[in-house]
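Peer 1: The structure is given below, and queries will be raised subsequently.
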Amino acid sequence: MQQFKRILIISMNPLSDIYNNGKTLTSFFEGYPRTHIAQLFFSSEQPQMRICNNFYRISDSDMIKSRISKEFQCGRKVLEENEHSAVQNVTNGKQIRKNNLTRLAREIVWNDNWDTKELKEWLDDFQPEIIFMVVGDVVFEYKIGLKLVERYKSKMALYITDDYIMPRRTLSVFWWIRRSYILNYLRKAVKRADIFFTISELMRQEYKRVLKRDSYVAVNMSPSLAEEPTNKNIEDHEISFVYAGGLHLNRYKVLHELACTLKEINMKTEKKCKLLIYSAQKITDRVKKQITIENVSDFMGGVECEQLKHILNRSTILVHVESFDKKNIYDTKLSLSTKIPEYLSVGKPILAIGPAEISSMQYLSDVASCVTNLDQMYSNIYELISNPKLLNNYGLLAREKYLKNHVAEHNREEMWKILGDLT
């Protein structure tokens with residue numbers, strides 16, 4: 001019989017149906033008893049309370065105000081959901097952490113002021129049996145998590161979704177100081193953890209080499225977004241390419257290259273290709289101009305989840321891109337995009353453009369048309385859109401991979417069993 005232990009999730013971002021880590025966490029714990037989940041998080045975002053309603057937030061603003069005035073209560077329970085505030089505050093939060101020096105200063109601000117009477121009462125009331133830590137590039141999160149694990153004698157699960165410790169080609173002294181600081185606490189956390197999860201097979205291999213400990217691979221899960229049979233014949237006279245996701249990390253530059261290639265195909269052949277770009281991110285006029293070409297590509301902005309589901313199903317080809325810039329290759333190499341399981345579930349052919357060494361590209365290599373060299377983009381795409389059987393085959397392969405690796409119910413039960421067996 002399944003044991004449901006009380007799990008305290010500690011992470012930067014709250015549970016969400018929209019944003020990356022929050023969306024991943026939601027996919028893990030949807031259906032878990034609501035009374036057995038609580039979350040302590042460290043941003044100004046508003047959580048979505050669909051699967052849990054027990055949240056405690058401590059933000060950068062709280063920490064700064066608590067240092068200015070001892071009367072200020074640092075952190076508080078979140079009592080209601082406000083979707084508009086969540087969107088607004090994600091943007092503001094990203095503006096705070098621009099450079100490595102600012103991030104080091106941020107660590108100084110996060111002293112023990114977070115450990116308030118109100119937080120202790122909230123935690124005492126919940127009595128966590130397992131602390132599930134999603135760690136990133138802030139050391140105070142490690143410190144808080146490790147302290148609470150010892151205080152409540154909880155079991156500890158550690159989950160890493162993005163890499164901040166592998167060496168980069170950078171001359172920034174502050175980056176290397178931060179990297180050493182983070183790596184030191186990551187080693188402590190890995191040593192203390194009762195169970196260790198990473199997000200991709202490539203990350204598992206690299207971290208096993210560096211940290212001398214193996215991990216379970218826990219990929220993002222997604223409900224199926226398919227609305228109709230995925231093995232229908234695809235006509236090749238009107239071809240819609242749909243990209244849905246972030247434009248940061250210079251992904252917009254790759255979308256610009258794709259739009260230019262589609263324009264060339266439209267001019268030289270009888271094909272009619274159109275690229276539609278959906279993203280909730282605010283972009284500058286300069287970026288919008290780069291990714292928009294008349295009669296070829298349009299920036300559509302953000303849409304609600306249900307509307308996006310219909311858009312993905314009406315598309316001909318789904319597009320995934322990663323930047324070819326060296327810095328961004330380092331940043332994304334070991335991660336697996338949260339968008340990939342959703343794409344796979346639709347059962348549409350996927351066009352993936354990016355460096356071959358990136359985990360997301362490796363993961364899609366056997367089920368998608370992959371462009372790993374921009375000089376070959378025209379020939380790869382023209383071959384793809386000229387062969388309806390190839391398009392249909394890629395759609396079927398995508399769906400098969402989704403059913404094998406990303407069906408939420410099966411993977412959730414497996415993770416819950418691993419956590420429930422911790423003694």
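Peer 1: Would you check if GLN127 is of a type in the set (S, T, N, Q) and modelled with pLDDT under 90?
Peer 2: Here the answer is no, as GLN127 does not meet what is asked.
Peer 1: Among the numbered conditions (1) modelled with pLDDT under 90; (2) basic (Lys, Arg); (3) not in a helix (DSSP H, G or I), tell me where ARG50 comes up short.
Peer 2: Of everything listed in (1) modelled with pLDDT under 90; (2) basic (Lys, Arg); (3) not in a helix (DSSP H, G or I), ARG50 misses just condition (1).
Peer 1: Answer yes or no: is there a residue in the range 137-146 that is surrounded by fewer than 17 Cβ atoms within 10 Å (Cβ to Cβ) and either among the small types (Gly, Ala, Ser) or in the same structural domain as TYR32 (by TED's automatic domain parsing) (or both).
Peer 2: Checking the range 137-146: not a single residue is surrounded by fewer than 17 Cβ atoms within 10 Å (Cβ to Cβ) and either among the small types (Gly, Ala, Ser) or in the same structural domain as TYR32 (by TED's automatic domain parsing) (or both).
Peer 1: For the range 56-70, indicate whether the set of residues that are under 19 Å from the mean Cα position of the chain (by Cα) and among the polar types (S, T, N, Q) is non-empty.
Peer 2: Scanning the range 56-70 turns up no residue that is under 19 Å from the mean Cα position of the chain (by Cα) and among the polar types (S, T, N, Q).
Peer 1: If ILE265 satisfies every condition in (1) more than 30 Å from ILE418 (Cβ to Cβ); (2) in the same structural domain as GLU413 (by TED's automatic domain parsing) but one, which is the exception?
Peer 2: (2)
Peer 1: Something else: Would you pick out the residues in the range 257-278 that are surrounded by fewer than 22 Cβ atoms within 10 Å (Cβ to Cβ) and within 23 Å of the chain's Cα centre (by Cα)?
Peer 2: LEU276, TYR278
Peer 1: Hey, among ARG169, ARG151, ARG179, which residue is surrounded by 15 or more Cβ atoms within 10 Å (Cβ to Cβ) and either of a type outside the set (Phe, Trp, Tyr) or touching a Phe, Trp or Tyr at 6+ places or on another chain (Cβ under 8 Å) (or both)?
Peer 2: Unique residue meeting the criteria: ARG179.
Peer 1: Only one of these is in contact (Cβ under 8 Å) with a residue 24 or more places away in the chain and under 17 Å from the mean Cα position of the chain (by Cα): GLU400, GLU413, GLU357, GLU342. Name it.
Peer 2: GLU342
Peer 1: In addition: On the basis of being in the same structural domain as LEU390 (by TED's automatic domain parsing), touching a residue at least 24 places away in the same chain (Cβ under 8 Å) and part of a strand (DSSP E or B), does HIS310 make the cut?
Peer 2: no
Peer 1: Related question: If I ask for residues that are within 26 Å of VAL149 (Cβ to Cβ), of a type in the set (D, E, K, R) and in contact (Cβ under 8 Å) with a residue 40 or more places away in the chain, which ones from the range 162-197 would you list?
Peer 2: Selection gives ASP162, ASP163, ARG178, LYS188, ARG192, ASP194.
Peer 1: Which residues, taken from the range 313-324, are over 14 Å from the mean Cα position of the chain (by Cα) and in a loop (DSSP other than H, G, I, E, B)?
Peer 2: Listed by number, the residues that qualify are SER315, THR316, SER323, PHE324.
Peer 1: Restricting the range 71-116 to residues that are under 25 Å from the mean Cα position of the chain (by Cα), assigned to a helix (DSSP H, G or I) and of a type in the set (Asp, Glu), which is modelled with the lowest pLDDT?
Peer 2: Checking each candidate, the answer is GLU83.
The values are calculated or read from the model by the stated rules, or taken from the named source; none is laboratory data. Since the model is a prediction, treat every value here as computed from it, not as a measurement. Neighbour counts run over all protein chains shown; Cβ positions are idealised from the backbone, glycine included.
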